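**Student:** Below is one structure. I have some questions about it.
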Amino acid sequence: MSEYLAVLIYAAFIIAFAVISLGVAALLRPTRSYAAKLQNYECGAEPIGEAWVQFPVGFYLVALVFLLFDVLAIFLFPWALVLRELGLAAFWTMALFLFILLLGWLYAYREGILEWK
């Protein structure tokens, strides 16, 4: 039990800090509410229509393809740092990886995912 005492004290400090911070914020905040403060704000223009607008699927597809290629490109940096130690086999393994990545990009291009319509 003694090895967990420091963790329990730390957790108590965290909870106390959160409760005290929220309590002080509730006491210090202004209580009056203004009508202008409760309105939607968008670049100084009056909002028109509903706030919930359905976006086209193309936005999500482009975002997913970007994330996919961005995350896969991260694997190039550690590989480049240790390429000399790993030798020629690592080079050809990464060449295969990039070829598969190229095939994915070609598929996305042929399906028209990368084009704005």
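**Student:** Being part of a helix (DSSP H, G or I) and among the hydroxyl-bearing types (Ser, Thr, Tyr) is the filter; apply it to segment 40-99 and report the residue that is modelled with the lowest pLDDT.
**Tutor:** The selected residue is Tyr60.
**Student:** Next question, about the same structure. Out of all the residues in segment 54-82, which are of a type in the set (Val, Ile, Thr) and surrounded by 12 or more Cβ atoms within 10 Å (Cβ to Cβ)?
**Tutor:** If the condition is that a residue be of a type in the set (Val, Ile, Thr) and surrounded by 12 or more Cβ atoms within 10 Å (Cβ to Cβ), then Val62, Val65 are the ones that fit.
The values are calculated or read from the model by the stated rules, or taken from the named source; none is laboratory data. Remember, predicted model here, so these are calculated numbers, not experimental data. A quick note on method: Cβ atoms are made from the backbone with ideal geometry, for glycine too, and the neighbour counts reach across all protein chains shown.
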